[in-house]
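To start, the structure itself, in structure tokens.
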Amino acid sequence: MRTGTRPPGHDPVRGGLRFAVEMTAWVCTPWALWPLSVPLAIGAVLLLIGLPALFGTPGDRPGGDPPVAVPGIVTIALVVLQAVAAAASAWALWGTWVAASVTALCLILPFTELPRWRALLSAAHRSD
């Protein structure tokens, strides 16, 4: 891990937007699934929170490396999974205005994540 610098994409604005999408997915997805299947709702929580906690790309986390190292594309896929879950569950739970706002947030996320995603896909980042 680089000392004294943050990995790309971990500034307060980008990280805050990513956190907002993650929190929406973590709360809304099990809430939307609960009436359909309690085990499915619990499984969604375990997947949406557990996978990113366990798997990550070395050098990407400001607090240290993940327990299980994976290529950058896996980290990117986990972020996309969270955004899709947040948008889909918002439409299942809430009215048009709130769901459209959450969807807009999820559509903005990839553009703010581009510097981080480029670093995750670069060979230099994998060798940190």
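The values are calculated or read from the model by the stated rules, or taken from the named source; none is laboratory data. As the structure is a computational prediction, the values presented were derived from the model and not from experiment. Here Cβ is always computed from backbone atoms with ideal geometry, including for glycine, and neighbour counts include all displayed protein chains.
Would you mind finding the one in TRP91, TRP117 that is among the aromatic types (Phe, Trp, Tyr), at pLDDT 95 or above and surrounded by 15 or more Cβ atoms within 10 Å (Cβ to Cβ)?
Values: TRP117 fails: at pLDDT 95 or above.
That would be TRP91, the only listed residue that is among the aromatic types (Phe, Trp, Tyr), at pLDDT 95 or above and surrounded by 15 or more Cβ atoms within 10 Å (Cβ to Cβ).
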Tally the residues that are surrounded by fewer than 16 Cβ atoms within 10 Å (Cβ to Cβ), at negative phi and assigned to a loop (DSSP other than H, G, I, E, B), restricting the search to region 52-88.
6
Are there any pairs, at least 6 apart or on different chains, whose C-beta atoms fall under 6 Å, with the first in region 80-100 and closer than 13 Å to ALA44 by Cα and the second among the acidic types (Asp, Glu) and assigned to a helix (DSSP H, G or I), and if so, which?
GLN82/GLU22
Restricting attention to region 55-74, and to residues there that are more than 15 Å from GLU22 (Cβ to Cβ) and free of Cβ contacts under 8 Å to residues at least 24 places away in the same chain, which single residue is nearest to the chain's Cα centre (by Cα)?
VAL74
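Would region 4-12 turn up any residue that is at pLDDT below 95, of a type in the set (Gly, Ala, Ser) and either surrounded by 13 or more Cβ atoms within 10 Å (Cβ to Cβ) or touching a Leu at 6+ places or on another chain (Cβ under 7 Å) (or both)? Talk me through it step by step, then tell me what you get.
Taking region 4-12 as the starting set, the residues that turn out to be at pLDDT below 95 are 4-12.
In the following step, the residues that additionally are of a type in the set (Gly, Ala, Ser) were identified as 4, 9.
Filter again for either surrounded by 13 or more Cβ atoms within 10 Å (Cβ to Cβ) or touching a Leu at 6+ places or on another chain (Cβ under 7 Å) (or both), leaving 9.
Yes, region 4-12 has at least one match.
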